[in-house]
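Data block below; observations after.
Laboratory data are not the source of any read-out in this text; all were calculated from the coordinates shown. This one's a predicted model, so the numbers in the text were calculated from it and none came from an experiment. All Cβ positions, glycine included, derive from the backbone under ideal geometry; neighbour counts span all protein chains shown.
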Amino acid sequence: MSGIYQAGQFEVQFAQLISSSGQTVGIEYAIVNLTLFEGISKPILSGEVLVSDSVNLSSMFPLIGQEYLKLKIATAGDSDNSRIIDFTENALYVNTISARKDVGNGVQAYLISFSSREHRVNERVRVNRSLTGSSTDIVRQVLQNHLGTKKRLFLEPSADNRKFLSANKRPFELIEDMTNLAISKKHNEPCYLFFETYRGFHFRSLASLYAQPSKQEFLEIRAGTRNKKGAIDIESDFSAIIGFEIVRAQDPNLSNRLGTYASTLYTHDIVSKSYQKHIYDYISNFEKEMHIEKTNSRFQGDGKEDFPIVSDVIITDDGKNISSFPARTFVQPTSGSGVSNNMVDEFNQNTYSSNSPEKWIQRRNSQLHQLKTGYTVRIGVKGSTHVQAGDVVDINLPYTASTTTTENEKFDKIYNGKFLVSKIRHDFDNTNAEHTMMIEGVKDSLNRELPSSTNPEPIQEGDQEIIDTLY
């Protein structure tokens, strides 16, 4: 680490392949490029490494896609362990060897794709048993007992108590069931996610992620800025946006169809033989939910408000807005009012909670689709392992126009403020000795209110003309 003093520098300290026969070989100096992928929608970490091979390792070793890869990379920053990617104790699993070609002078190049060991275990293990406890307890049991992981677990306690029968499910499928059902113990948040970063596995709610301090601010500044002493300001270099792309803005038609803005839920109680109807309205429920700007401000003491990602403009003559049209319908069975009447202890007390779909299904559907179809930006920056998938960052894109406004805007009105890191691609380029990142950030609230009015949809007035077409 002593030789790493500029943003984007890195050092591959250890890279070793372990063959199916137990042989080992170091490939530190054979690596041309190494890429790591993290994402809040992925249960495992994955990547690929481009190798330049002058000893025909792929044939002599041989490489068959059943190897392990031990890896340790140090990146720029201070000397604490958070700046080191270390897979020497929890080895990665090689999946495929592809794109093999002769590049001349007795050298060949090929791509080794790899993923977490748990990915391979998940494919060969099935869970056939009943599990009891909270959703978080069940996830912990699956990770420890069925996937056999020793990695760090970041688990947010859930409020439920279940008896869940798993019938021939893969471990990750069972965990996905728990992410759908879990409601947080502290704030009754239903939007749980399960994903892996190089720090470990995370089973946490969106609110838990939003409450974290912002890890980094990214904005368009000149790279290579020097401080008062004349030295390159490393922190400024880490903050500098090299390039950016607006990946996605709101798509009202798609969001409406997915039930993001409004939905209907019918619950059928199999005990009382009755049903109930529940209407979800995004704009009306916004203040009751935990979104990124206000939640982060609340837990970091900033005292800021946030606002919906769509306008509440009135679009019909009878006063309806975009959240007044439930376009998606859910139908779910339940048993009892929040508890299972079939499971009682010796004191005739209910021991297990029911699935209570009215508490989670519509709200979870809305908030997750806000992230999937909402405001999304992708930025290129100097590499740092300080920022990971699931972190909160500040991204402030420049206000781009040929003229100035009376407000003298510095940043874009929409794409500024707090963003959740939904994806990260780390690129370690050994040829140019540079570590860069592509960060994808999403947000489900704004730090300023969108304009609104009473503005019914313009429809042609007068009689409609109908023309018969004959042939």
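Before moving on, here are some points about what is shown:
- Difference of contour (0.36 nm per residue) and Cα-Cα distance, Q66 to T88: 6.2 nm
- For the stretch 10-116, the fraction of alpha-carbon pairs in successive 10 Å shells from zero, as %: 14, 47, 30, 9, 0
- Cα-projected label distance for N285 with N180, points at 7 Å along beta-carbon direction, nm: 1.7
- Taking GluC sites (Glu not before Pro) as exposed when DSSP calls them loop and at most 11 other C-beta atoms lie within 10 angstrom, the chain has its longest site-free stretch at 1-345.
- The stretch between D302 and R100, if pulled fully straight at 0.36 nm per residue, gains 67.4 nm over its current Cα-Cα span.
- The length gained on full extension between K273 and R124, counted as 0.36 nm times the residue separation minus their Cα-Cα distance, comes to 49.5 nm.
- Helical content of the chain, expressed as a calculated mean residue ellipticity at 222 nm, amounts to -4000 deg cm²/dmol (DSSP H runs of 4 or more residues, -39,500 (n - 2.57) each, divided by residue number, nearest 500).
- Spherically averaged projected area in nm², based on the convex hull that wraps the Cα atoms of the stretch 97-250: 16.3
- Convex hull volume of the Cα atoms of the stretch 125-211, normalised per residue: 80 Å³.
- Among the chymotrypsin sites (Phe, Trp or Tyr not before Pro) in the stretch 5-81, those located in a DSSP loop and surrounded by at most 15 other Cβ atoms within 10 Å of their own Cβ are Y5.
- Evaluating 6.51 cos²θ - 1.76 cosθ + 1.60 at θ = phi - 60° for every residue in the stretch 8-23, the Karplus couplings come out as x, 7, 7, 9, 7, 7, 7, 8, 9, 9, 10, 7, 5, 8, x, 5 Hz, glycine and proline recorded as x.
- Computed from point charges on the beta carbon alone (+1 for Lys and Arg, -1 for Asp and Glu), the dipole magnitude for the chain about its Cα centre is near 1660 Debye.
- With K and R counted +1 and D and E -1, the other residues having a Cβ less than 13 Å from that of E440 yield a net charge of +4.
- The amide H of D269, built 1.01 Å from its N in the peptide plane, has S274, Y275, Q276, T334 as neighbours under 5 Å, considering only residues 5 or more places off or on other chains.
- At R0 = 41 Å, FRET efficiency that the Cβ-Cβ distance of E173 and E409 yields, to 0.05: 0.30
- Tail beyond 34 Å, pair distance distribution of the chain (Cα, percent): 46
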